[in-house]
Amino acid sequence: MFGIKVERSCELTKPGYSWKQIYDIPGRLNHLETFEMNSPTYIKSIPETSRLVQTSEYVVRWSDMDAFGHINNAKYFTYFEQIRVDWLRSIGAGHSIVVANIGCTFLRAIVYPATIKVSFYLGEPGRKSVDSYYEIRDFDDLSTLYTLGHGTVVWFDHEAGESIEIPAPIRKLIADQVR
């Protein structure tokens with residue numbers, strides 16, 4: 001990948017885990033970043049301390065299905081990605097983030113045809129990252145909850161290949177949205 005060798009390791013600990021990423025970038029010695037995260041491996045509900053920042057409606061495509069007749073599990077992460085992009089565009093933040101971790105608790109299969117409502121929540125921002133949460137429901141019957149997701153997004157300088165502090169205007173916007 002553009003001359004960059006990436007090694008990743010994840011060590012489960014209690015109550016959280018560390019995620020280490022080593023970049024072997026030409027012209028630089030091994031650059032090591034460690035992200036300390038307390039995100040669970042699965043969630044049962046959206047944390048009360050998080051706040052809804054974006055909702056979107058998506059029509060499920062025929063090609064989203066797998067051989068078992070329901071939406072492929074990997075597609076849920078595509079829906080998470082799309083709502084993150086929708087939110088970033090809505091605040092004018094561009095694409096200066098990376099996803100440090102992401103997980104999904106599958107509760108019920110989505111079957112084609114369907115229209116879904118995806119909700120995106122944020123926790124309190126840290127120095128370089130913010131926890132994110134996702135909810136996918138049936139658009140026509142909002143009592144039907146298909147899945148819950150969670151992840152950590154990190155602000156990142158792609159040229160330098162390292163994490164950066166959340167820019168002050170974006171930090172303020174997130175903090176205002178979360179309160």
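The values are calculated or read from the model by the stated rules, or taken from the named source; none is laboratory data. Note that the structure is a prediction, hence the values are computed from the model and not measured. Quick reminder, even Gly has a Cβ in these numbers, built from the backbone with ideal geometry, and neighbours come from all protein chains shown. These area figures cover heavy atoms from the full protein model, side chains too; ligands, DNA and RNA do not enter into them. Shrake-Rupley method; radii C 1.70, N 1.55, O 1.52, S 1.80 Å.
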Reported set for the stretch 79-96 where residues are open to solvent by 30 Å² or more (accessible area, probe 1.4 Å) and among the hydroxyl-bearing types (S, T, Y) is S90, S96
I71 meets each of (1) over 23 Å from D138 (Cα atoms); (2) surrounded by 17 or more Cβ atoms within 10 Å (Cβ to Cβ) with one exception, condition (1)
Note: among G92, G123, just one is at pLDDT below 95, more than 22 Å from S63 (Cβ to Cβ) and within 16 Å of the chain's Cα centre (by Cα), namely G123
Taking the stretch 140-179 and keeping only residues that are in contact with a strand residue (DSSP E or B) (Cβ under 7 Å, 6 or more places away or on another chain) and hydroxyl-bearing (S, T, Y), one is left with T144, Y146, T147, T152, S163
Practice item. Determine, yes or no, whether I164 is aliphatic (A, V, I, L, M) and open to solvent by less than 30 Å² (accessible area, probe 1.4 Å). Key: no
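Is the stretch 50-59 home to any residue that is at pLDDT below 90, touching an Asp or Glu at 6+ places or on another chain (Cβ under 8 Å) and over 18 Å from Y146 (Cα atoms)?
no
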Contact list, first residue from the stretch 127-144 and closer than 28 Å to R171 by Cβ and open to solvent by 20 Å² or more (accessible area, probe 1.4 Å), second anywhere and among the aliphatic types (A, V, I, L, M) and outside any strand (DSSP E or B), beta-carbon distance below 9 Å, six or more apart or interchain, is R127/I166; K128/I164; K128/I166; S129/I166; Y133/I43; Y133/I46; E135/I46
(request) Kindly indicate whether any position in the stretch 132-155 is acidic (D, E) and in contact with a helix residue (DSSP H, G or I) (Cβ under 8 Å, 6 or more places away or on another chain). (result) no
In the set V53, V99, V60, the lone residue that is buried (at least 17 other Cβ atoms within 10 Å of the Cβ), under 23 Å from K172 (Cα atoms) and not polar (S, T, N, Q) is V53
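Tally time: how many residues in the stretch 112-149 are small (G, A, S) and over 21 Å from T78 (Cβ atoms)?
4
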ask   = Could you say whether any residue in the stretch 163-178 is in a strand (DSSP E or B) and under 21 Å from R89 (Cβ atoms)?
value = no
